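Below is one structure, written out as structure tokens, with a few remarks after it.
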Amino acid sequence: MRIAVIGAGNWGINLMRNLRDLGVLSHIAETVSDLRDRVRSEVQDVELLDDYRPLLEADIDAVAIATPVPTHAAIAGEFLAAGKDVFVEKPMTLTAVEAENLVAQAEEGKRILMVGHLLLYQPAIAWLKDYLDAGKLGKVFSFHQERMKLGRARAAENVLWSLGVHDVAVLLYLAGSAPVASSFSGHCGLQDGIDDDTYLHMEFPGGVKAHLHNSWLWPENRRRLTVVGEKGMLVYDELAQNITLHHKTIDSDLQNQDQGEGVVFEGSGQPLRLEMQHFIECIKTRATPRSDGKKGLDVVRILESVTPPRILGGQ
């Protein structure tokens with residue numbers, strides 16, 4: 001199998017390294033000479049290009065796209081049209097229309113279209129999904145997701161689009177459906193029209209609520225998901241890579257019940273490696289990826305529906 005990477009920035013380098021270690025990396029295309037020099041110093045056994053277009057006719061099976069987000073739709077569309085399978089980093093596109101077009105193009109051409117929703121390949125998230133689907137927490141009342149830090153402020157996308165894409169994908173995955181209602185609030189402090197701190201609220205069928213807080217203007221690095229259910233509460237600490245079950249509830253008489261807490265899952269399985277292995281397996285078997293184009297489209301639809309388009313312009 002031969003997979004080319006398009007874009008050798010900070011995340012493209014990570015894709016390159018994992019695909020190389022998995023023995024499938026064939027080419028790297030990067031327009032910036034300094035980035036090509038960095039790649040050249042690390043790998044010598046793959047072809048390095050300053051333009052991705054020759055890859056459209058190359059003898060490759062697929063591409064992994066890690067270019068700036070506004071280019072995703074055009075580049076992915078070109079390779080789907082050329083009969084290649086496509087992995088594209090998050091967010092899939094900047095508009096739902098672009099995402100819909102890619103999904104339709106992949107279906108028509110019977111091509112694999114997979115989106116880089118990395119957290120869906122984190123073993124802790126898979127454990128949470130199985131635990132909730134088995135009914136072990138009883139009725140789920142709410143999800144509370146936090147991703148905040150003193151981070152890199154963007155000039156053309158708000159913090160929800162920058163930091164929250166993975167979190168929205170996880171919330172949809174755990175809830176098992178699209179929301180029936182969504183609302184959004186944000187605060188612009190550093191720049192006019194670009195939110196530094198955002199809250200996304202979603203309601204799912206059955207009354208389950210989800211709340212996502214993102215900020216790149218925050219004193220602490222916090223990456224945590226809390227699930228509140230009728231039989232207890234689960235807290236996934238992404239930094240510590242563990243899940244704690246709190247045996248805490250309020251009974252029908254409105255009395256607090258506290259039976260303590262304990263860690264029920266620990267460890268990480270290198271989610272990017274698992275994600276790339278999944279992409280390779282889907283290419284081989286033609287199975288639908290866990291984070292396929294339709295799921296990428298679901299995420300873009302939500303982000304676009306709650307975020308004014310002017311915030312996304314000119315990236």
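The values are calculated or read from the model by the stated rules, or taken from the named source; none is laboratory data. Since the model is a prediction, treat every value here as computed from it, not as a measurement. Every residue, glycine as well, gets a Cβ built from its backbone with ideal geometry; the counts of neighbours run over all protein chains shown.
Here are a few things to note about the model shown:
So that you can scan it fast, the table gives a plain yes or no per residue for (1) in contact with a Gly (Cβ under 9 Å, 6 or more places away or on another chain); (2) not aliphatic (A, V, I, L, M):
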position: GLY77; (1), (2): no, yes
position: LEU80; (1), (2): yes, no
position: ASP85; (1), (2): no, yes
position: THR93; (1), (2): yes, yes
position: LEU102; (1), (2): yes, no
position: GLN105; (1), (2): yes, yes
position: LYS110; (1), (2): no, yes
position: MET114; (1), (2): yes, no
position: TYR121; (1), (2): yes, yes
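- In summary, ARG38 fulfils each of the numbered conditions (1) over 27 Å from LYS294 (Cα atoms); (2) part of a helix (DSSP H, G or I); (3) free of Cβ contacts under 8 Å to residues at least 12 places away in the same chain with the single exception of condition (3).
- Failed item in (1) at positive phi; (2) within 18 Å of the chain's Cα centre (by Cα), with GLY207 passing the rest: (2)
- Scanning the range 70-97 for residues that are farther than 23 Å from ALA287 by Cα, in contact with a helix residue (DSSP H, G or I) (Cβ under 8 Å, 6 or more places away or on another chain) and surrounded by fewer than 21 Cβ atoms within 10 Å (Cβ to Cβ) yields THR95, ALA96.
- The residue that is nearest to ILE302 (Cα to Cα), counting only those in the range 175-224 that are in contact with a strand residue (DSSP E or B) (Cβ under 8 Å, 6 or more places away or on another chain) and among the β-branched types (Val, Ile, Thr), is VAL180.
- Candidate set: the range 124-152, residues that are out of contact with any helix residue (DSSP H, G or I) (no Cβ under 7 Å at 6 or more places or on another chain) and part of a helix (DSSP H, G or I); chosen: the one surrounded by the most Cβ atoms within 10 Å (Cβ to Cβ): ALA124
- Some residue of the range 245-259 being in contact (Cβ under 8 Å) with a residue 40 or more places away in the chain and not assigned by TED's automatic domain parsing to the domain that holds TRP11: no
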